[in-house]
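Quick notes on the structure that follows.
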Amino acid sequence: MKVYQRLVKITGNFTGFFFPYIGVTLLMSVFSLLNFTMMIPLLDVLFNSDTSFQIPETRLTLDQFQFDITFIKDYMYQEFGILMIEHGKLSALMLICGFTIIASFATNIFRYIERRMAESYKRNAIANLRTSIFDKVLTLDIGYLTNNRKSDIIARSTTDVGESEAAFGSIVTFIKDPVMLIFFFGTLVYLSPTMTMFVFLILPLSGISIGLISKKLRSVSHNLQEITGNILGVLDETIVGMRVVKGFNADKYVSKSFEKSNQGYVKEFTKYASKRELASPLSEAMGVLFVGILLYLGGTIVLSEDPSLSAAEFMAYLVLFTQVLNPVKAISGNISSIQRGIAATERIFELLDADTKIKDKENAKSLDSFQEGITFEDVRFAYEDNDVLKGIDFNLKKGQMLALVGPSGGGKSTIADLIPRFYDPRQGSVKIDGHDIKDYTLNSLREHMGIVTQESILFNDTIYNNIAFGAKTTLEEVKKAAKIANAHEFIEKTDDGYETVIGDRGSKLSGGQRQRLSIARAILKNPEILILDEATSALDTESEKLVQDAIQHLMKGRTVLVIAHRLSTIQEADKILVIKEGEVVEQGTHVDLMSKENGIYKKLQEMQEYTQ
């Protein structure tokens, strides 16, 4: 039930849908019921004598109309009796058929409106759900995205959302069916209280059987959604790493990995299908059993010496009873998709309920200006139980350049990630202008920063949009940034210039071109604080020269923290920190560090000079 309560909240203006939908459903139910009850006079006209339509001594008029089944029945029989006496059975039959056609036509008009309203509701609800998921993903911290598979998040955002449509459909069903059942059961009680009492006793049996199947289906459905996420993960990793797969002739290896996940899906789906296919036949069998029992029970009433139910009324009762069974059959027939929808929705809610650790604290203030510098005070950090930083202290004054060097895995990138609050330290504090960065809002903090990483993060969009990246800017400003980043020349040579779409992750560009676009993006933002994370390490010599030249332009007049792969690029740094196993083991200028005989920095410098 909690799943449905949350789904209703997500849909937005539910009351704006609920009351008009109830109104349309009421009208559909009234005309549908009228259509079925016309069977009683129809059967009487066809099979009974004229005495079935005797005119009462006191004539009923429409002025005496009451919304009462007895009044409606007596008035109809009175009018049919007058018609039969004056014009004969054929005229009465034509009138009944006319009423039936009109009632059926009206029923289907309102059924069409009801279905359009239901589809509109589901469509908008699914759109709202997708929006909620995407907005949530944008708030998730980097730690959550690191610890959870990307494919699982994508599966919850796409496949699970598609499956959840059945859950939204069941909400509509739970609104519509009770309204119709109230009308049908009311008529059944009027026609035969005895038989209807039996119906009330046997229907719960059908509900219990459906409930047992539902419980098992939901569990299996949840497993299916998990396996689907795994399959997407293998597929995504294979496509992204296709060069490595082909280069190492690892086709059979990745195929085996995919087949393992695929066979897991087949195995789980077999369990799911065996339970799903049981629901509909079981419902049908129980329906036939119930109708058989009603036939016998109703037949004994009709054939008794003083029947309380005419043959025509009994036939109408059976037809109405089948309409009562239809919602039960519909639920049992769709129970598999409903349970898959609920299981998928539960997985979506797990994502929506994920704790966002990095967020604005209460009463956080805006960082309106950057005046003094960045300070790390006894900063410690760990990924789960793995200590990464062990008491880092340094001060980066405004306008200075601080370089981080050292062996891989020492914690350099973690230091860079702490400044824009991608993570929070486990102990100690990171400060800007003497205040803990947790005191500032995330948006205002990151507004002052530009980041260029080793891996250029680009999107399947135009070059212009990749550089502007949401900023309100002009083409001239984008071109100016591209020129400073040494990117304008190659952009102009592309087919559509700045409107060229560069493919997934910039796949249509070279590594150096992608990196220069990233730098152009940072230049356009014009940040006061610049973070460079090994921005040239993966480039060839020619590309590196162009990118390094662009970086030099970018760094002018800014506060820079750079993680250096090539030590020749940081010799002008105001301070260099050598990071090893999460600690600062050396610090100073390039000249200071080169003067240490057995220093780590000096050894790294000599190794690079030797390899060159």
What's the number of the condition Glu477 fails, among (1) more than 15 Å from Leu509 (Cβ to Cβ); (2) surrounded by 22 or more Cβ atoms within 10 Å (Cβ to Cβ)? (2)
State which residue pairs qualify: first residue among the small types (Gly, Ala, Ser) and inside the stretch 79-97, second residue modelled with pLDDT of 75 or more in any location, beta carbons under 8 Å apart, and separation of 6 or more residues or different chains. none
Condition check for Phe394: in contact with a His (Cβ under 7 Å, 6 or more places away or on another chain), under 16 Å from Thr559 (Cα atoms), not in a helix (DSSP H, G or I) and not β-branched (Val, Ile, Thr): no
When both residues are 6+ apart or on different chains and their Cβ atoms are under 8 Å apart, which pairs have a first residue that lies in the stretch 363-380 and is without any contact (Cβ under 8 Å) to a residue 60 or more places away in the chain, and a second that is among the basic types (Lys, Arg) and exposed (fewer than 15 other Cβ atoms within 10 Å of the Cβ)? Arg380/Arg426
Suppose we filter Lys365, Lys412 for residues that are farther than 30 Å from Ser219 by Cα and either more than 39 Å from the chain's Cα centre (by Cα) or surrounded by fewer than 16 Cβ atoms within 10 Å (Cβ to Cβ) (or both); which single one remains? Lys365
Quick one: count up the residues across the stretch 450-468 that are surrounded by fewer than 19 Cβ atoms within 10 Å (Cβ to Cβ), of a type outside the set (Asp, Glu) and either touching a strand residue (DSSP E or B) at 6+ places or on another chain (Cβ under 7 Å) or in contact (Cβ under 8 Å) with a residue 40 or more places away in the chain (or both). 6
How many of the residues making up the stretch 347-377 are part of a loop (DSSP other than H, G, I, E, B) and closer than 11 Å to Ile437 by Cα? 5
When Ala125 is evaluated against the numbered criteria (1) among the hydrophobic types (A, V, I, L, M, F, W, C); (2) surrounded by 15 or more Cβ atoms within 10 Å (Cβ to Cβ); (3) at pLDDT 85 or above; (4) within 13 Å of the chain's Cα centre (by Cα), which criterion, by number, is the only one it fails? (3)
Residue within the stretch 307-323 that is within 16 Å of Met195 (Cα to Cα), part of a helix (DSSP H, G or I), more than 51 Å from the chain's Cα centre (by Cα) and at pLDDT 70 or above present: yes
Among strands (runs of 3 or more DSSP E) entirely inside the stretch 469-586, those with 3 or more residues being within 18 Å of Ile457 (Cα to Cα) and in contact (Cβ under 8 Å) with a residue 12 or more places away in the chain are 529-533
Every residue in the stretch 497-533 that is more than 35 Å from the chain's Cα centre (by Cα) and more than 21 Å from Gly557 (Cβ to Cβ), please. Gly497, Gly512
I'd like to know if the stretch 263-277 contains one or more residues that are at pLDDT 75 or above, part of a helix (DSSP H, G or I) and either under 16 Å from Thr194 (Cβ atoms) or among the basic types (Lys, Arg) (or both). yes
Does Thr15 qualify as being at pLDDT 70 or above, touching a Lys or Arg at 6+ places or on another chain (Cβ under 8 Å) and closer than 29 Å to Phe174 by Cα? no
If Val254 satisfies all but one of (1) in contact (Cβ under 8 Å) with a residue 24 or more places away in the chain; (2) surrounded by 17 or more Cβ atoms within 10 Å (Cβ to Cβ), what's the number of the condition it fails? (1)
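Conditions tested, residue by residue: (1) crowded, with 19+ Cβ neighbours inside 10 Å; (2) at pLDDT 75 or above; (3) assigned to a helix (DSSP H, G or I).
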site	(1), (2), (3)
Pro20	no, yes, yes
Ser32	yes, yes, yes
Leu43	yes, no, yes
Leu90	no, yes, yes
Quickly run through the stretch 147-169 and pick out the residues that are surrounded by fewer than 20 Cβ atoms within 10 Å (Cβ to Cβ) and of a type in the set (Gly, Ala, Ser). Ser151, Ser157, Gly162, Gly169
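The values are calculated or read from the model by the stated rules, or taken from the named source; none is laboratory data. What you are looking at is a predicted structure, and each value in this text was computed from that prediction instead of being measured. Positions of Cβ are backbone-derived with ideal geometry, glycine not excepted, and every protein chain shown enters the neighbour counts.
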